[in-house]
Structure formats: C-alpha cells, structure tokens
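The values are calculated or read from the model by the stated rules, or taken from the named source; none is laboratory data. Keep in mind it's a predicted model, so treat the numbers as computed, not measured. Counting neighbours? That spans all protein chains shown, and the Cβs are built from the backbone with ideal geometry, glycine included.
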Amino acid sequence: MHKNLRSIGSPPFKKAVLFATLLISNNLASAGPLVGGSATVNNGDASESWFLVQGATLNINNAQALAIDADRSSVNINRGSSTLQISGSDNSTINIIGATVTGTDGNSGLLLVSSKGVVDNSIVSGEQFGASAVRFFGTTDGSTLQISGNSTLTGVDAGAFASSRSLIDVTDSTLTGTAATGYGLWLQSADAIARNSTIVGSQNGVFIELDVTGTAPATLNLSNTTVEGKTASAIVVDFDNVAAETATLTLTDSRLLAGNGTLLEVKGGATALTTINSSVLNGNVIVEDGSHGELTLQDNSTLTGRLENVALTTINDTSYWVLVDDSKVETLVLNGGSVKFGEKNEFYQLDVTDLSGSGNFIMGTDLTTGQTDLLNVTGTASGSHQLLIESSGSEPPAGVPITVVKTAGGDAVFTLPGNVDQGAYSYGLAKSGNDWILDPQTRTVSPGARSVLALFNTPVPAWYGELTSLRTRMGELRFNGGQPGAWGRTYGNKYQIADGSGVGYEQTQQGFTIGLDTQLPLGDGQWLLGIMGGHSKSDLNLDAGTSGSVASYYLGTYITWLDTNSGYYLDGVFKVNRFHNDAKVGLSDGGRAKGKYDNMGVGGTVELGRHFKLEDGYFIEPYTKWSAVVIQGKDFSLDNDLHAEGDRARSLLGEAGITAGRNFKLNSNIELQPYVRLGGAYEFAKNNEVQVNNNVFKNDLSGARSLIGTGIAAAMTSKLQMHADYEYSDGQNFRQPGGLTLGLRYAF
C-alpha cells in the first residue's frame, strides 16, 4: 500500500515532488499480486487488498475490497462497490463509477502517479486528500483526474491535490478540505478545470503554489462554479519567492466567497493573470508588494471591492468595477467598461498611474459639503471618458468649483452626458489646467427646480380653464329666456408657458363641470342663482423626462342676470379649489426624483356685456370680464432633498372683446347660433415668488394676450340645448394653442 504522503520525499511535503512507493500491507487480508491477466470481485466475495502489476485488470462489481495498488494496470470500481484507498502509478487507469472509496491510516482516498483516473457519481474521501494527481520524481508525465456526475471528494488537507504537469477536471461535483488549514483544491504548478461545481476549504477555496522540482505555469478555469474560503481568501496564489512563474485564472459565470473578504490574494513573488467573464463578485483583490497581478473584467461582469497594487486593470464592454474604499491601480484600461465610486453618499478616491481607452466613471458629489469622488491620474491620462455624476437636491455654496478629475498630463478628454444637478441648478464640466471641474459659471436651472416652478405656476391656468366665460360655461341662456335648469360641460385645454415666465413647459388640461340653478324672486325674474362643481387634471411636460400633474377639485356658486329688454347681462362666479400636485423629475444623471403636496385656491370672476340684436338674426355682444384668484403658498421637498417654498400665487386678469353671430331656425324646434369671438386680455399680476433651496425665482405670466374663439349653440327643443366652443390665445409668456368645450343644458 502507498504510504502517508506527508512523509514521502525530502524536502517536506508542501515543497516536494510527490511519488508513490507501492507496498503490500501485511496487516490486511491480501489476494496476492495480480501479474497481468484479470480478476473480478462480485457481491458476496471476501474483502481483500490487491496489488496489480504488468497490465493487470481488476473489476469490483457491487462488492467490497480493501486497499488497492496498481502499477501499469487498470482498476474498475463499479456501482454499489466500496473500497479502502486506491493508488495507480506508471500509466495506470483507475475508474470509480457509482462507488465509495475511503482512505485510512493517513492516506488519500485516490492517488494517481503519472496515471489517469475517472470518478463519476462517487464518494471519495481520505485522511490526507480526497484525491491527488501527481507525477514521478524527475519526469514530466503528470496525471489526469476527471471528476463528474455529482461526485463528492473530501480530504483533510484538500478535497483534491495536483502537482506539476497534472490536470484535475471537475464537472457537477464538490471538493472539500476539512482541516482548519484545509483547501478545497490544492495546485502545485498544475492545471484545473471546474464546471458547475463547488470547491470549499475551511481556510482557502483554492491554493496555488509552485512545484519546486518542476516549476511550471498553473491554470485555473472555473465555469458556473462556486469557490469558498470559509475563514480566509477564496483563492490564494503564493509562489513563496521560489521562481517567476505565472498562474492564469479564468472565471466565467462563477462566484467567489471569502471569510476575510479577499477574493484573490497574490503573494510570494507570484504573477497572477485573472479574467472575469459574466460574473458578479463581491470582495477584494490584494497583490502583495513584489508580486504582480493583472485583472480583466468583461462580458457584463461586476466586481465590488478594493483593488490593491493591481498592475493592470482592464474593464471591457459593459462590465463594472464598484469601489468600496479608496483604491490604487497602476494601469487602468477601459474598453467600454465602467468604474463606479461606491454607493450614494460614499466618496472615494481612485489613484491611477496611467489611464487609457474609453469608458465611464460613475461618481457622486455633494457640493453642499464639498465632498466628492475623485479620479486622480498621477501619470498619463489618454482616451475619451464620460463622467456620470449623480444628481443631488442639496444646494452648494455659490461660485465654488468642485474638482472631480486630476491628471498629471496627457490628452484625455472627459465629458458629461448632460449636466450635473445640484440643488436648484445644474452644472457643466470644464477643464482647468490638467484637471476637470464642475463649473459654477455654466449653471442652468435644474430639472428639479423647473418642475417645482411649473407646479407652483400650473394652478392659475387650470383655474381659468375650469371657469371660462358665461357662454362657454352654460351656452346661450336666451334660447329659453333664462329659465332655471341643470347643465354640464367637458373641456380640454392646452397651454404653452414660455421660458420668460420663469420656466417653460406645456400644460394639458382635461375636466368636467356640472351645475344646477334656480330663478331668484327678484325684479322681473331674470336672476339665476346656481351651484357648480367639477374636476380637472393638468399634465405637465418639461422635457428631458420631467413631468408633473395637478389634480383639481372645485366647488362654486354663481349668479347670472339677463335683461331681455336691454340685452345687458351680468355673470358672477365664486369658486374654491383643492389642488393635488405631483412632480416626477428626470434628473440629468438619468435618475428620478419625486414629490407632492396639496394646496387650496380661491377666486372669482365678473363678466358684464350687452347683447345687440341686428337684422336677419345677426347679433353682436361686446363684453368685459375681470377675474382674480389666489393660490395658497406651500413648502415641500422632492425626495432628493431639494426644498421649495412657494409664496401665494396671484392673478388679476382683465379681458374685453366682442362676440358676433347669427341665429338660424332649422324648424319650429331646432335653432342654431354659430358665432366668433375676438378679444384681448391683460394679466396684471407679476413676480409670484418661489424659493428653491433659498434661491429666489419669479413666476411671471403678466402681459397682454390676444383671443380668438368660435363656437355654436343649438336649441334642440325648448328644454334642451347643446353648445361647442373653441378658443385660441397668444401672449408674451402665455399661449393657448387650443381649448375645446362641449356642453349640455336642460331647462326645467
């Protein structure tokens, strides 16, 4: 039987080339040497130890055996079988299929020396290694071990071990090292491939070192595999300053877990070249002084952790490196990849000796406190890079630039995809010497501030859109002599508010009103007193993904006087509104902010006019109308900490014009009245003040407007009438491309 490998060879085991000494153990029942030929052990046969030489073949079929040693021979442990430790040397072949192998007396479960082995759907354990693949001293013929089929390999020192020129190929299986210093997989200048597998060590998941008598490069290729070091690093590459060799590591769709937070540790003068494909990793990569590490992230990979002394970091396509602390790398190459400086309100510095390529830096800054992420290139910076700087609602000190990139020189160009929102203003990027700063000289009103200004402005046009004139509200009352009745109208309006008002936006309003009135016992009965109520919703569009809405609910009362003899009429309305205001802000960095508040509004209008009847059913109707409204001021904040204080919004609107039309009788019941309206209006209120983070803005809808309208009223019966009206207005800061009303009135 093979000896305890810890005692074989000199120098000590960790730095020795492993070889096998094949012996027959005298204290085990032995079948004797099998020289050439073949033997089969079936179920029920006695359990014996075996020693095979000179091309012998041993088959164990659903049976038990003691230890087995094979030299230039073949061993087949078939389903349902169990044995003690197995060794194969000098081009032997060991197949373990659906069986259990247990190494005792300090032995590994399976030892391959310059041989081949297959473990499929089996359990292999040992008091040293679960399995080992090594070579004879002084040769270049390593071993190959294939592990598959949900197999489990468990060892004290390591689940599996391989020395120089050997290969361990693992599929759908688990390797476990159980000792406090155990490794899941231990490689000495060897190669390993793992697919859909789990590798766990009590100390490290994978430990890679040099085979001192046969130094060679080592490779580790992981695919959809988890490697875990329970108390220390997931993977360690330690060449103990023996020789300048290289370990090449490739991870695809894999996971690394580390008890100490270090995914990869490179030390002892080792060189580790690591490529991460399609993987999401959380932990650090630490390269000891005197060692060399290179890291490539590609195929949508993300590494969240600290890189320490990594010589070359390459981030390709849509991959990310997320900082968790200040970090330092020598050379950073971005080929479409991104570096993210931590999460919100975490501010880090990344020191880079040389920067090249083209990529993105996702950064944050708080101009209020002067804290910022910083990219510091101490050598040469080249390439074209975007800075994606997170927006904030907090307000910075006025006129203070913030440095976000420092370079010692080079032709690198840094740009912003848009501005950086900081409080009430957005800032652009400017070059200052070799550095790049957020420049207060380039500031514009931020999307958040624009949305706030628009919300405080919106209730005034909404209030007027709900009200309009007597004719557009209730139709032609003269059709039925001003009789009491019930009425309803639905309406839609579109407004365009110019930048000169304080902020430009589009407002689209839809709503309805219903009302009920009765005659008053005054004078000749030409007075109507009524109540009305309704709802409207205004949607705001401020471009760049910023929007808002104002839902309005209102109740009012009105009094109307019609004098059929003189043609004079008087209409007065008093209305109270409840507004629900909601902002959805598209920030310059692509993020979102939102906020909402409620407030009240109250106002009234008085319209005075006279109806002149002309020949052939024609008429003219000059009028004047005066309206006043006050909207409650309010304090509120967006969820990005932008704070707004709106004073009372006031409006005083005077309007005068003339309506001209003609009455047609289609028959004894139906009467039509088409008309046109021309007029002008003037808004006297100006400078409704809004403070955004203590920055004062003015909403100003003042100025003259021209009005054009057309419509038709129809008396379908003596009781029922309908009306439709279209209106257009245009002014300095206010434009209404269209307003449409459809109404119905029923007289009692």
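Computed values, structure above
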read-out: Leading residue by the ranking (surrounded by the fewest Cβ atoms within 10 Å (Cβ to Cβ)) among those in region 275-298 that are under 17 Å from Leu257 (Cβ atoms) and not hydrophobic (A, V, I, L, M, F, W, C); value: Asn282
read-out: Residue in region 691-728 that is surrounded by the fewest Cβ atoms within 10 Å (Cβ to Cβ), counting only those that are free of Cβ contacts under 8 Å to residues at least 60 places away in the same chain, of a type in the set (S, T, N, Q) and within 18 Å of Asn457 (Cα to Cα); value: Gln691
read-out: When residues of region 681-690 are limited to those that are under 14 Å from Asp647 (Cβ atoms) and without any contact (Cβ under 8 Å) to a residue 60 or more places away in the chain, the one surrounded by the fewest Cβ atoms within 10 Å (Cβ to Cβ); value: Asn687
read-out: Qualifying residues in region 694-748 (those that are charged (D, E, K, R) and part of a strand (DSSP E or B)) - the one farthest from the chain's Cα centre (by Cα); value: Arg745
read-out: Tally, over region 395-441, of residues that are farther than 20 Å from Leu374 by Cβ and part of a strand (DSSP E or B); value: 3
read-out: Among residues of region 345-403, those that are modelled with pLDDT under 80, touching a Leu at 6+ places or on another chain (Cβ under 9 Å) and more than 21 Å from Arg450 (Cα to Cα), counted; value: 1
read-out: Unique residue being in a loop (DSSP other than H, G, I, E, B) and not assigned by TED's automatic domain parsing to the domain that holds Ala179 when the list is Gly290, Gly214; value: Gly290
read-out: Set Asp141, Asp172: member being surrounded by fewer than 24 Cβ atoms within 10 Å (Cβ to Cβ), over 20 Å from Thr215 (Cβ atoms) and in contact (Cβ under 8 Å) with a residue 12 or more places away in the chain; value: Asp172
read-out: Region 352-387, residues that are among the aliphatic types (A, V, I, L, M), within 20 Å of the chain's Cα centre (by Cα) and over 18 Å from Val324 (Cβ atoms); value: Leu387
read-out: Count of region 672-719 residues which are at pLDDT below 90 and acidic (Asp, Glu); value: 2
read-out: Verdict on Glu655 being farther than 21 Å from Thr468 by Cβ, in the same structural domain as Tyr568 (by TED's automatic domain parsing) and in a strand (DSSP E or B); value: no
read-out: Selected residue [surrounded by fewer than 18 Cβ atoms within 10 Å (Cβ to Cβ), over 22 Å from Arg650 (Cβ atoms) and at pLDDT below 95] from Thr546, Thr513, Thr564, Thr560; value: Thr564
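Residue by residue, here is whether (1) under 18 Å from Leu145 (Cβ atoms); (2) of a type in the set (Phe, Trp, Tyr); (3) without any contact (Cβ under 8 Å) to a residue 40 or more places away in the chain; (4) crowded, with 17+ Cβ neighbours inside 10 Å holds:
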{"position": "Asn42", "(1), (2), (3), (4)": "no, no, yes, no"}
{"position": "Asp69", "(1), (2), (3), (4)": "yes, no, no, yes"}
{"position": "Ile86", "(1), (2), (3), (4)": "yes, no, yes, yes"}
{"position": "Asn95", "(1), (2), (3), (4)": "yes, no, yes, yes"}
